[in-house]
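Quick notes on the structure that follows.
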Amino acid sequence: MQVDYNTYKAQDFKCKDCGWQGKGEQLDNGDFSALHSIGDLECPKCNHLIAFWQAPLKDDINIEE
Ligand SMILES: [Zn+2]
């Protein structure tokens, strides 16, 4: 499940593994891929991967050759 980096902290989440429920701000930060600017958000109880966000790109990149 992809979430919006700017708004996920106020969203409600539920872990389907252990039943934890809470706000996005309570999720643990997991791996961050600098290459893809993707950060994982994990359940604070069981570390199950619940969601991920993709950081907004600074500029739209046009690839033209
Ligand atoms: Zn869990």
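Assorted remarks:
- Entry note, the chain: relative contact order of 31 percent, from Cα contacts under 8 Å with a spacing of 6+ residues.
- GNM result for the chain, Cα springs below 10 Å: residue of Asp17, Asp28, Asp40 fluctuating most strongly: Asp17
- Antiparallel %, DSSP beta bridges [both residues in the chain], to 5: 85
- Lysine pairs with alpha-carbon atoms under 13 Å apart, the chain, spacing 8 or more or separate chains: 4
- Model label sites at Lys16 and Gln2, defined 7 Å from Cα along the beta-carbon direction, differ in position by 1.9 nm.
- Each label was represented as a point 7 Å from its Cα along the Cα-to-Cβ direction; for Ala55 and Ile38 these points are 1.5 nm apart.
FYI, it's all coordinate maths here, none of it is from the lab. Predicted model only: the values in this text are computed from it and were never measured. Neighbour counts are summed over all protein chains in view; Cβ atoms, including those assigned to glycine, are modelled from backbone coordinates with ideal geometry.
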